[in-house]
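Here the structure is laid out as structure tokens; the discussion comes afterwards.
The values are calculated or read from the model by the stated rules, or taken from the named source; none is laboratory data. Remember, predicted model here, so these are calculated numbers, not experimental data. In this analysis, Cβ positions are derived from the backbone assuming ideal geometry, glycine residues included, and neighbour counts consider all displayed protein chains.
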Amino acid sequence: MKFIESLKEQNHNFKINSEKLQQAESLGLPNFKTELWKNTPLPRNIYDYSIATHNSDRNQPLSISDVFVEPNAEHYKFENGFCQQLKNQQFENQLIENKIDECFFAKDIFYLLNKSIENIANQFVFNHKNEKQIVRLDYISDAANLELINLQNNFVLEESANAEIFLNFIGNDNTIQNNIFTIIQSPNSHLKINILSNNKDSQIINNFKIIINDNAHLTINNISLKGKFVRNNIQVDINGSNAEVIANGFYYVSENNVADNHILMNHNAPNSFSNQFYKGIIADEGRGIFDGKIYVKKDAQKTDAYQTNRNILISQDARIFTKPALEIYADDVKCSHGATSGFLQEEEIFYLMSRGIDKENSQKLLLKAFANDLIEKISNEEYKIWLENQIEKILE
Amino acid sequence: MNLLKINNLKAKINDNEILHGINLEVKPGEIHAIMGPNGSGKSTLASVLAGKSNYEVTEGSVEFNGKDLLELAPDERAKEGLFLAFQYPVEIPGVSNVNFLRTALNEHKKYRGEELMEAGTFLKFVREKAKIIQFDNKYLTRPVNEGFSGGEKKKNEIFQMAVLEPKLAILDETDSGLDIDALKIVADGVNALRNENNAYIVITHYQRLLNYIVPDFVHILYNGKIIKTGGKELALELEEKGYDWIINPEN
Amino acid sequence: MSQEIIDKYTSGEYKYGFVTNIEQEFAPKGLTEETIKFISQKKNEPEFILDFRLKAFDFWKKMKQPNWQKVQFPDIDFQDIHYYAAPAVKSKPKSLDEIDPEIRDTYNKLGIPLEEQMMLAGIAVDAVLDSVSVATTYRERLAEAGIIFCSISEAIQDYPELIKKYLGSVVPYTDNYYAALNSAVFTDGSFVFIPKGVRSPMELSTYFRINAAQTGQFERTLIVADEGAYVSYLEGCTAPMRDENQLHAAIVEIFVHKDAEVKYSTVQNWYPGDKEGKGGIYNFVTKRGLCAGDNSKISWTQVETGSAITWKYPSCVLKGNNSVGEFYSVAITNNYQQADTGSKMIHIGENTRSRIVSKGISAGKSDNSYRGLVKISKKAKNARNFTQCDSLLIGDKCGAHTFPYIESENPSATVEHEATTSKISDDAIFYLNQRGISTEDAVGMIVNGYAREVIMQLPMEFAVEAQKLLSISLEGSVG
């Protein structure tokens, strides 16, 4: 594996944790027997990728288009893993280091590979008590050669902080972004994370580890509309009571692309609420994967946790793999999950056609309605409208 | 001879005392109405008498049928002849009404040392009872309360009462959520089942139900205590003047 | 619910834990090629069966003992097991009267009289004690209808061409570790063949019983329904209480031709181990049916109350167009029991339909998992699946888990999965108490109501038995 070899060489500025690198190497690449990659084909030519550095050759720099521009947001741009604005703020992150290895994706080569590089972390701290802070981060990868880009960002919300974060992933098909995000929410904090992949060539592996405490509220809007390979691993540890987590997901998969979503909702404390709601439309030879789990620890009584995954396949060669799982060790809980896979109902199409709308438009209308059912849950009005327009364009 | 004698009953839930010393005597053949504003302890009283475990009795005594009621488990209280028509009847999926009632009735019979009822005899018996209270037979085979409307659930409570023939029935806001037709059916049922050997405690917010089930006594429960007792005219007066008149007599 | 009730419910005694004192003949402990040859010779088997066994054994030797995410137990020492134990009789009894009275008594105690009373019940029984079939009732009456119902050993002797054709056709020995083991050492089991157009006039039943100590039971059942045939088949199981764990690794294969239907019902009540989790049966079973022809149907119903560990996924391969697969399951675990069970529905043909209804009940310190797969392959146009999995938890020391895998490769298919987890509400118990029903009875009633949809799928006599079992498993465990 070239990316392992390139880290072993000394011609880079990375500080390497050789133990982790060794673990990554001996683990090797996953195969169909690896539960977390069971239905996910690896990006093509994965063996030939090396690690991106400061000096990576760049193609024509990618322009940032097709992202939502939130006017009030502080804006940061990461190019091939490095952010000019934060140049001097890169540091070895010890603060939350220990907490984050306890996650379902910890025994994964890409995670270990990322963790074997010790000086690629940035940290954002939110402490405003009253005012909401909005941050937009664009992750751009446009290296000229086959390169893996590793990056770690930490977001820390202090008590009662209120923040909204936009994460935009934009890449060419030479690159694979391999990111780790660690998020810690102190009591009473509110956070919205908007994850967006809306670039047709992107290859992205995101690992999110989120820890939330008493009375904290978290909303995740995980949207992938375009991208060759988009994988989002999300683990939320609910370590406090009266916390609330809403995880919304939408994926549109076309061509022979892959949208791969794994989410684990860990209820470690009593009296909290979570809801996972993921919807997907799979077209062409696309492949959609949803692997969600609600885990309720013994002490997490009075948990309310829900999970729904709905899919529509719109082509003969489309495929969906879904696994909504429950693992429950407390008896006084309300948990349910549901998953469906289906197609557009003939009756519905017929109904619209009987009102004078042609078949193609009827289908589009119904698909839009299917998507909007989820998009409507996004509370940022402008972002919602923007997304609806994007989806409309895609369905054209 | 008293059927029920409550003496200085105090009860709490989660360290919060709700009943602050209730005194009440009920004789066979009587109908008692207990009225009071929200949160006065009406439903708590019903639950404590039926033996719901999350309430703790801290003081006082309750004699029922010559026995110490508070010493008995909830099912023993039921078998002694105490029936509670629930304000919010529980749904029990998969258990048919008729099977459930047959089990219940036979438990009563076992307790009293009587012969158990066979399925066939029982079916005839419940059909009879259903007729008396105008309860549609189609509900007999449906799972207990599952998918029943609010009114159907209340009627099912009265139906169960008809089958189990209790000595004392406590109707806990049985009128809430009922339209006037359903209310009449429920009241007619109660009146049809009434005799000199059984007694009723009717817990209600409104005087309305008492037009149909005419009480011998009306008690006003306020803040965990019975603060006034009178005849049926007390309910009418209450309807006219509101609770404030009793709670703050100076005004 | 109060702690006492939970405790009381979670300590029920196993009714079927007696040992039958009969003289038994064993194969020496351990598994080698010699053991397999011994078994084969003992049973006077034709060459092709021995070949089949040896091939399976070769394959098995190369495999690793699987370990599963949610099921934990110490490694099994396969050299410490008897692979053959049989009541020592000179020859197979000609009539029921010739059966050892001790054995008959055993089955009477289990409520499985091998006598003519079965006539009244209208059920034909094949009773398997440890490794061999001891009696099959009603053969003559079945034979009149052209139905073959006998032990698989006899079938190998008498109908080798059928065995050759169907043995391993649904579950090949390469399927999994325990399937390979079973294929190598299976000692007996039942064989059913329903000819073209015949509806079995009675329900067929096998009763499995492990008696001998340190014995594994490896029975193999093969059911073939020819075109337009129908049969309802029942399986029951018990074992004595023993401190050590005993292994039961069975295979059930069902082959269903065009327009035929097989209904397979199991009430599994193997010894679950004691309150401390000592002893009990390891129940690792491979059950699969193939709907080979168009319009065929397989329906699995199982009530699982026993075994220390249960690992089984009765499955349907829906190959024929319009074929239907069903799986109805109630699994109760108590004390230290572990159950990992569910179903696989593989949709291959067009317009295939499947339905999964699973009700898990966990009490004590047990773990109960549903694990299932619904796979819609590319050709399965208009396939439909509906899955409902509910879990009920009693007490806060147990676990309930749901792992459904759904894979769809066809846009015209509809797959729906729903699941809920809940506990027995105190309000429901109080409600029943208030009507004069004791808490134990109330829990039993609620659990039976919860499981009703599945119980209703069972034939009448089995349903009554199952309801009692549910209550008994919870008594001493949950009422």
*Restricting the first residue to the stretch B:234-251 and requiring it to be within 19 Å of residue B:215 (Cβ to Cβ), which pairs with a second residue that is at pLDDT 80 or above meet a Cβ separation below 6 Å and a spacing of at least six or different chains?*
B:234/B:218; B:235/B:207; B:235/B:210; B:235/B:218; B:239/B:207; B:243/B:37; B:246/B:220; B:246/B:228
*For the stretch C:318-343, which residues satisfy the criterion of being among the small types (Gly, Ala, Ser) and assigned to a strand (DSSP E or B)?*
C:325, C:329, C:331, C:339
*Residues (crowded, with 21+ Cβ neighbours inside 10 Å, in a helix (DSSP H, G or I) and touching a strand residue (DSSP E or B) at 6+ places or on another chain (Cβ under 8 Å)) located in the stretch C:429-458*: C:431, C:432, C:434, C:445, C:446, C:447, C:448, C:449, C:450, C:454, C:455
*What residue, of A:260, A:201, is modelled with pLDDT under 95 and among the acidic types (Asp, Glu)?*
A:201
_Restricting to the stretch B:208-242, give me the number of residues that are surrounded by fewer than 17 Cβ atoms within 10 Å (Cβ to Cβ) and among the hydroxyl-bearing types (Ser, Thr, Tyr)._
2
*Can you find even one residue in the stretch C:391-406 that is surrounded by fewer than 20 Cβ atoms within 10 Å (Cβ to Cβ) and either polar (S, T, N, Q) or in a loop (DSSP other than H, G, I, E, B) (or both)?*
yes
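Matching residues to (1) in contact (Cβ under 8 Å) with a residue 24 or more places away in the chain; (2) in contact with an Asp or Glu (Cβ under 8 Å, 6 or more places away or on another chain); (3) small (Gly, Ala, Ser):
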| position | (1), (2), (3) |
| --- | --- |
| B:62 | yes, yes, no |
| B:71 | no, no, no |
| B:80 | yes, no, no |
| B:103 | no, yes, no |
| B:110 | no, no, no |
| B:115 | no, no, no |
| B:128 | no, no, no |
| B:140 | yes, no, no |
*Unique match (being assigned to a strand (DSSP E or B) and either within 25 Å of residue A:196 (Cα to Cα) or without any contact (Cβ under 8 Å) to a residue 12 or more places away in the chain (or both)) among A:295, A:278, A:351*: A:278
_Qualifying positions in the stretch C:407-417 - in a loop (DSSP other than H, G, I, E, B) and in contact (Cβ under 8 Å) with a residue 12 or more places away in the chain_ = C:409, C:410, C:412, C:413
*Name every residue in the stretch C:443-462 that is among the hydrophobic types (A, V, I, L, M, F, W, C) and within 13 Å of chain B (Cβ to nearest Cβ), in order of residue number.*
C:443, C:445, C:446, C:447, C:451, C:454, C:455, C:456
*Among the residues of the stretch B:98-118, which ones are within 11 Å of chain C (Cβ to nearest Cβ) and in contact with a Leu (Cβ under 6 Å, 6 or more places away or on another chain)?*
B:106, B:109
_the stretch C:261-278, residues that are part of a strand (DSSP E or B) and closer than 17 Å to residue C:304 by Cβ_ = C:264, C:265, C:266, C:267, C:268
_Suppose we filter the stretch B:5-21 for residues that are under 17 Å from the mean Cα position of the chain (by Cα) and among the aliphatic types (A, V, I, L, M); how many remain?_
1
*asked:* For the stretch C:385-399: of the residues being within 21 Å of the chain's Cα centre (by Cα) and of a type outside the set (D, E, K, R), which is farthest from residue C:336 (Cα to Cα)?
replied: C:387
*What residue, among those in the stretch B:92-125 that are farther than 16 Å from residue C:437 by Cα and in contact with a Phe, Trp or Tyr (Cβ under 8 Å, 6 or more places away or on another chain), is surrounded by the fewest Cβ atoms within 10 Å (Cβ to Cβ)?*
B:93
*Name the residues in the stretch B:98-124 that are among the aliphatic types (A, V, I, L, M) and more than 18 Å from residue B:141 (Cβ to Cβ), would you?*
B:116
*Got a sec? Which of A:214, A:284 is of a type in the set (Asp, Glu), in a loop (DSSP other than H, G, I, E, B) and within 27 Å of residue A:369 (Cβ to Cβ)?*
A:284
*Of A:305, A:325, which residue is over 17 Å from residue C:406 (Cα atoms) and within 14 Å of chain C (Cβ to nearest Cβ)?*
A:305
_Test result for residue A:303, within 30 Å of residue C:382 (Cβ to Cβ), crowded, with 20+ Cβ neighbours inside 10 Å and of a type in the set (Ser, Thr, Tyr)_ = no
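Residue-wise test of (1) modelled with pLDDT of 85 or more; (2) assigned to a strand (DSSP E or B).
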{"site": "B:175", "(1), (2)": "yes, no"}
{"site": "B:214", "(1), (2)": "yes, no"}
{"site": "B:219", "(1), (2)": "yes, yes"}
{"site": "B:236", "(1), (2)": "yes, no"}
{"site": "B:246", "(1), (2)": "no, no"}
_Only one of B:48, B:62, B:26 is within 14 Å of another protein chain (Cβ to nearest Cβ) and closer than 29 Å to residue B:207 by Cβ. Can you tell me which?_
B:48
*With respect to residue C:258, determine if the residue is at pLDDT 90 or above and outside any strand (DSSP E or B).*
yes
*(1) within 11 Å of another protein chain (Cβ to nearest Cβ); (2) part of a loop (DSSP other than H, G, I, E, B); (3) not aromatic (Phe, Trp, Tyr): which one isn't true of residue A:271, the others all being true?*
(1)
*Only one of C:303, C:252, C:256, C:330 is out of contact with any Cys (no Cβ under 9 Å at 6 or more places or on another chain), more than 22 Å from residue C:391 (Cα to Cα) and buried (at least 24 other Cβ atoms within 10 Å of the Cβ); which?*
C:252
*From the set of residues in the stretch C:344-388 that are in a loop (DSSP other than H, G, I, E, B) and hydroxyl-bearing (Ser, Thr, Tyr), which is farthest from the other protein chains (Cβ to nearest Cβ)?*
C:352
_Filter pass, residue C:420 being surrounded by 24 or more Cβ atoms within 10 Å (Cβ to Cβ) and assigned to a strand (DSSP E or B)_ = no
